[in-house]
Amino acid sequence: MSAEATQTEWVRHFDETRARLRSGAGAGLADPTQLAGLNGLQQMQAMLEGRLPYPHIADTMDFALVEVAEGRAVFQGQPQLKHYNPLGSVHGGWYATLLDSALGCAVHTTLPVGRGYTTAELGVNIVRAASHKSGPLRAIGTVLHAGRQLATAEARIVGADGKLYAHATTTCLVFEAPAR
């Protein structure tokens, strides 16, 4: 598939996903009773289907979860002028937030019922400048190791043409989720 066809497909998929998320539970925080008995993958699938709320940061940063599978999460976004730093380029925090979301949600998909996680380490490398003219970008997170106490993952931000914009790794602490 050509880069133009891929970009068209990505935009269509993003628009459909965003509409489903907004018409479903919308932005917010899930009630703990909604999460009871669901493993991490089931929670992420429910969010993607609009049955659970998606986080407000997705609206703030103009990105959305577009795919999940066991050990994998894909987010899509497009930097806007509001994401620029004073030097006139996309702020590193935009890349880091998109990557951290893909990394963390990939780890989330591996969690059994009653387990949680938090990011302990995040390493980001920006290798190509993005702009508001770059078109949609995808952060693809993949779990490398999912243990009882630690999980590691890697992610890449790529354009529809396959060009790499940034990559990252994470180490997450895995723990028993506190009772609510």
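Filter the strands (runs of 3 or more DSSP E) completely within the range 59-143 down to those with at least 3 residues that are closer than 22 Å to residue 28 by Cβ and touching a helix residue (DSSP H, G or I) at 6+ places or on another chain (Cβ under 8 Å).
63-69, 72-77
Look through the range 42-54, keep the residues that are aliphatic (A, V, I, L, M) and part of a helix (DSSP H, G or I), and return whichever of them is farthest from residue 141 (Cα to Cα).
46
Would you be able to say whether some residue in the range 137-146 is farther than 22 Å from residue 47 by Cα, touching a strand residue (DSSP E or B) at 6+ places or on another chain (Cβ under 7 Å) and either without any contact (Cβ under 8 Å) to a residue 60 or more places away in the chain or surrounded by fewer than 22 Cβ atoms within 10 Å (Cβ to Cβ) (or both)?
Scanning the range 137-146 turns up at least one residue that is farther than 22 Å from residue 47 by Cα, touching a strand residue (DSSP E or B) at 6+ places or on another chain (Cβ under 7 Å) and either without any contact (Cβ under 8 Å) to a residue 60 or more places away in the chain or surrounded by fewer than 22 Cβ atoms within 10 Å (Cβ to Cβ) (or both).
Check whether at least one residue in the range 126-135 is over 20 Å from residue 35 (Cα atoms), of a type in the set (Val, Ile, Thr) and either surrounded by fewer than 21 Cβ atoms within 10 Å (Cβ to Cβ) or at pLDDT below 95 (or both), and report yes or no.
Within the range 126-135, one or more residues are over 20 Å from residue 35 (Cα atoms), of a type in the set (Val, Ile, Thr) and either surrounded by fewer than 21 Cβ atoms within 10 Å (Cβ to Cβ) or at pLDDT below 95 (or both).
Restricting attention to the range 8-27, which residues are within 16 Å of the chain's Cα centre (by Cα) and over 17 Å from residue 139 (Cα atoms)?
21, 27, listed by residue number.
Has the range 18-41 got any residue that is at pLDDT 95 or above, part of a helix (DSSP H, G or I) and hydroxyl-bearing (Ser, Thr, Tyr)?
Yes, there is a match, as at least one residue in the range 18-41 is at pLDDT 95 or above, part of a helix (DSSP H, G or I) and hydroxyl-bearing (Ser, Thr, Tyr).
Does the range 106-118 include one or more residues that are of a type in the set (Gly, Ala, Ser) and either crowded, with 17+ Cβ neighbours inside 10 Å or within 22 Å of residue 14 (Cα to Cα) (or both)?
So far as the range 106-118 goes, yes, one or more of its residues are of a type in the set (Gly, Ala, Ser) and either crowded, with 17+ Cβ neighbours inside 10 Å or within 22 Å of residue 14 (Cα to Cα) (or both).
Is it true that residue 40 is in contact with a strand residue (DSSP E or B) (Cβ under 9 Å, 6 or more places away or on another chain), surrounded by fewer than 16 Cβ atoms within 10 Å (Cβ to Cβ) and farther than 22 Å from residue 159 by Cβ?
Criteria not met by residue 40.
Determine whether residue 50 is on the phi < 0 side of the Ramachandran plot and either surrounded by fewer than 18 Cβ atoms within 10 Å (Cβ to Cβ) or not aliphatic (A, V, I, L, M) (or both).
no
The values are calculated or read from the model by the stated rules, or taken from the named source; none is laboratory data. Everything numeric in this text was worked out from a predicted model, so none of it was measured. Glycine also receives a Cβ, built like all others from the backbone with ideal geometry; neighbour counts cover every protein chain displayed.
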